[in-house]
Amino acid sequence: EIKGDGSVPFELAPLGLASLLKQALGSNTTTGAGPYVHTIKRGALLPGITIEKGFTDLGRYFVHPGCLINNFNLNINPEDSLIEGGFDFIGMGTPTNSGTSLGTPTAVTHVPFAEFEAAITEGGSAVTCLSFGMNYSNDIERVAGIGSRYAVGLNEGEGMVDVNLTLMFEAMTHVDKWLNETETSLQITMTSGAASIALLFPKAKYFGEAMPKITTSQGIIVPLSATCYYDTTEATDIKATVTNTESTI
């Protein structure tokens with residue numbers, strides 16, 4: 001079987017990423033008249049995309065049709081100056097390579113967010129966060145068929161979102177939520193001038209082990225792992241709100 005899978009790392013920026021977030025989550029509405037506000041939620045059906053990988057020095061191009069984004073991850077660490085992440089694609093297959101391109105990509109101004117431009121709230125209140133990580137999955141399964149070297153279909157499974165964050169131990173609030181299995185909400189917002197990207201997890205519950213720890217001489221921390229669930233008010237388990245100068249995504 002020939003597979004058309006791959007990964008695309010990125011530096012999080014207000015321009016260019018919104019269209020891929022729509023591909024990952026599936027549903028979008030746009031309002032405003034510059035800046036534009038794109039509200040992206042998990043949809044019932046992923047749009048799908050064609051990806052071309054070109055080796056311009058050789059004049060050869062590989063086209064990956066029928067691609068869906070299976071995973072989306074994001075990591076923020078104060079030791080790293082920029083906010084980074086990645087998209088994992090799964091495709092129907094890779095056809096014969098071509099000597100011609102599908103077209104010239106549209107270039108966008110790339111001004112990535114720095115880690116100090118991020119702010120995190122937990123349960124609606126600001127927290128002192130030392131690290132943040134998120135993994136989003138669509139749980140896509142490739143369907144193999146007799147008589148074909150390529151997949152004959154891609155089935156979406158039960159999607160999920162997990163969040164990991166490390167907080168300074170300043171009160172028992174978050175430890176109590178973990179002990180009592182209390183539902184909460186999480187939001188991370190990156191802002192640079194008039195541009196921003198906010199990721200809202202409207203319903204989350206902590207699991208695993210979250211006792212305060214002394215791991216370094218810098219203080220006491222609370223390591224938290226959360227699973228995010230469908231929220232009836234927001235009608236999703238994750239909502240991305242992108243404010244930028246792109247009229248459509």
### Task
Report the FRET efficiency, 1/(1 + (r/R0)^6), for Ala144 and Ala194, where r is their Cβ-Cβ distance and R0 is 41 Å, rounded to 0.05.
0.30
### Query
Under the Kirkwood approximation for Rh and a Cα-based Rg, what ratio Rg/Rh is obtained for the range 143-249?
1.14
### Summary
For the table Lys3/Lys41; Lys22/Lys203; Lys3/Lys203; Lys41/Lys213; Lys41/Lys177, the rows whose alpha-carbon distance is greater than 31 Å are Lys3/Lys203; Lys41/Lys213
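Leaving out ligands, DNA and RNA, and with a 1.4 Å probe, what % of the accessible surface on the range 1-143 is carbon or sulfur?
53
For the range 7-116, compute Rh as the Kirkwood radius over C-alpha pairs and then the Stokes-Einstein diffusion coefficient at 10 °C and 1.306 mPa s; write the answer in µm²/s, rounded to an integer.
On the way: Rh = 15.9 Å.
Calculated translational D: 100 µm²/s.
Per residue, how many Å² of accessible area does the chain show with a 1.4 Å probe?
Numbers: 12800 Å² over 249 residues.
On a per-residue basis, the chain sits at 51 Å².
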### Task
Pick out which of Ala33, Ala114, Ala126 has the largest mean-square fluctuation in a Gaussian network model of the chain, springs linking Cα atoms closer than 10 Å.
Ala33
### Cβ-derived FRET efficiency at R0 22 Å, Glu11 paired with Leu45, nearest 0.05
0.15
### Query
Given the chain, what whole percent of its Cα pairs are spread farther than 32 Å?
29
### Query
So, in nm, how far is label Lys53 from label Thr121 when the simple model puts each one 7 Å beyond its Cα toward the Cβ?
4.1
## Note on the structure
Any residue on another chain or 5+ positions along whose placed amide H is under 5 Å from the amide H of Asp231 is listed here as Thr236, Asp237
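FRET efficiency for Asn97 and Glu183, Cβ-Cβ distance as r, R0 = 41 Å, nearest 0.05?
0.25
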### Task
Pop a pseudo-label 7 angstrom from the Cα along the beta-carbon direction at both Tyr229 and Glu156 and give the gap in nm to one decimal.
2.2
### Query
Under 11 Å from a point 7 Å along the Cα-to-Cβ line of Thr215: which residues of the range 143-182 have their amide N that close?
165-168
### Query
How large is ³J(HN,Hα) for each residue in the range 150-162, as worked out from phi by the Karplus curve 6.51 cos²θ - 1.76 cosθ + 1.60 (θ = phi - 60°), to whole Hz, x for Gly and Pro?
10, 5, 9, x, 10, 9, 8, x, 8, x, 8, 9, 10
### Query
Can you give the calculated 222 nm mean residue ellipticity of the chain, where each DSSP H run of n ≥ 4 adds -39,500 (n - 2.57) and the sum is split over every residue, rounded to the nearest 500 deg cm²/dmol?
-2000 deg cm²/dmol
### Query
Using θ = phi - 60° and the Karplus form 6.51 cos²θ - 1.76 cosθ + 1.60, what ³J(HN,Hα) does each residue of the range 40-49 get, whole Hz, x for Gly and Pro?
10, 10, 5, x, 6, 9, 6, x, x, 8
### Query
Which whole-Hz ³J(HN,Hα) couplings does the range 17-34 yield from phi under the Karplus relation 6.51 cos²θ - 1.76 cosθ + 1.60, θ = phi - 60°, glycine and proline marked x?
8, 4, 5, 6, 4, 5, 5, 6, 8, x, 9, 8, 10, 10, 10, x, 9, x
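The values are calculated or read from the model by the stated rules, or taken from the named source; none is laboratory data. The structure presented is a predicted model; accordingly, all values stated were derived computationally and were not measured. FYI the Cβ positions are ideal-geometry reconstructions off the backbone, even for glycines, and counts take in every protein chain you see. Areas reflect the complete protein model, heavy atoms only, side chains present, ligands, DNA and RNA absent. Shrake-Rupley method; radii C 1.70, N 1.55, O 1.52, S 1.80 Å.
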